[in-house]
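Beneath this line is the structure, given in structure tokens, with notes to follow.
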Amino acid sequence: MPKSKRDRPVTLSKTKKKGREHKECIVNGIREAVEKYSSVYVFSFENMRNIKFKEFRQQFRHNGRFFLGSNKVMQVALGRSASDEICPGIFKASKLLHGDAGLLVTDMPKEEVESLFNAYEDSDFSRTGSTAVETVELKEGPLEQFTHEMEPFLRKQGMPVRLNKGTVELLSDFVVCEEGKPLSPESSRILRLLGIKLATFKLNLVCRWSPSDFELYREGLDLSDVETS
């Protein structure tokens, strides 16, 4: 009888961790891209969705590269000050890599990049732990959008419901989520059942660097904030 592949021993020591070699690969990749393409953009993102981001990234597949990961590693790649920057003035972009941010290195015309970023926005269901952007409240009475089979599940989510002649009925007003407060797992599930999408995946341009100029996009930022080394 043939031996099952599942019974074969696996040597865990052969697995690789993302250590120094991985970081060096990112640094080298960014530096090679800066040499190849004409402009570097720093962008921030809200409510990242990997599948949606991959779709957006496809628009640059022939003339650009995106980089996401450790801000510190990306800063090292560009240079964190005027003394170690890889191109004149590019450390200004490096200084703006903080929070949820990434890099786009591309040859695409500036106006086209701005248009693609400004136009992109996609709604999605909020995840557990994210902050509610508005208050959602259900009023007492029948919940005809739910079938009678859903009543036990809704009760497990903390909703005060019962079956009334085969119809799910809410016994009192119920606040699903409150604006400014983090979503619980139960709130997230209820919003999904209601079809309410409170999260918006959006990409925002922060700055643009090229060998000839440097431009800020974000309001509230000043060139003096990034010019010091």
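The values are calculated or read from the model by the stated rules, or taken from the named source; none is laboratory data. None of these values were measured; they are calculated from a predicted model. Counting neighbours? That spans all protein chains shown, and the Cβs are built from the backbone with ideal geometry, glycine included. In case anyone asks, the SASA skips ligands and DNA or RNA and just uses the protein heavy atoms, side chains included. Shrake-Rupley method; radii C 1.70, N 1.55, O 1.52, S 1.80 Å.
Our summary gives the chain a relative contact order of 26 percent, counting only alpha carbon pairs under 8 angstrom and 6 or more residues apart. Long hydrophobic helices in the chain: the complete DSSP H runs spanning 15 Å or more by Cα along their own axis with mean Kyte-Doolittle hydropathy of at least -1.0 are 20-36. Between Cys25 and Ser70, the contour length at 0.36 nm per residue exceeds the Cα-Cα span by 14.9 nm. Given 4 °C and 1.567 mPa s, compute D for the chain with the Stokes-Einstein relation, Rh being the Kirkwood radius over Cα pairs; round to the nearest whole µm²/s. Taking Rh from Cα pairs, D becomes 60 µm²/s.
Surface composition of the chain: carbon plus sulfur atoms hold 47% of the accessible area, using a 1.4 angstrom probe and ignoring ligands, DNA and RNA.
If I take every Cα pair under 8 Å that is 6 or more residues apart in segment 130-196, average their sequence separation and divide by the length, what percent do I get for the relative contact order?
Rounded, it is 44 percent for segment 130-196.
Annotation: extensible slack from Glu55 through Glu140 equals 26.5 nm (criterion: 0.36 nm per residue apart, minus Cα-Cα distance). Computed extension length for Asp173-Thr131: 13.0 nm, one decimal, from 0.36 nm per residue of separation with the Cα-Cα distance subtracted. Accessible area per residue for the chain, computed on protein heavy atoms with a 1.4 Å probe, is 63 Å².
Pairs to check: Lys72/Lys92; Lys54/Lys181; Lys23/Lys110; Lys95/Lys197; Lys52/Lys197; Lys156/Lys202. Give those whose C-alpha atoms are more than 25 Å from each other in this structure. Please report the intermediate quantities before stating the final value.
Details: Lys72/Lys92 14 Å; Lys54/Lys181 30 Å; Lys23/Lys110 29 Å; Lys95/Lys197 34 Å; Lys52/Lys197 15 Å; Lys156/Lys202 33 Å.
Going by Cα-Cα distance, Lys54/Lys181; Lys23/Lys110; Lys95/Lys197; Lys156/Lys202 fall outside the 25 Å limit.
Note on Ser212 and Arg192: their simple-model spin labels are 5.0 nm apart, each label 7 Å out from Cα toward Cβ.
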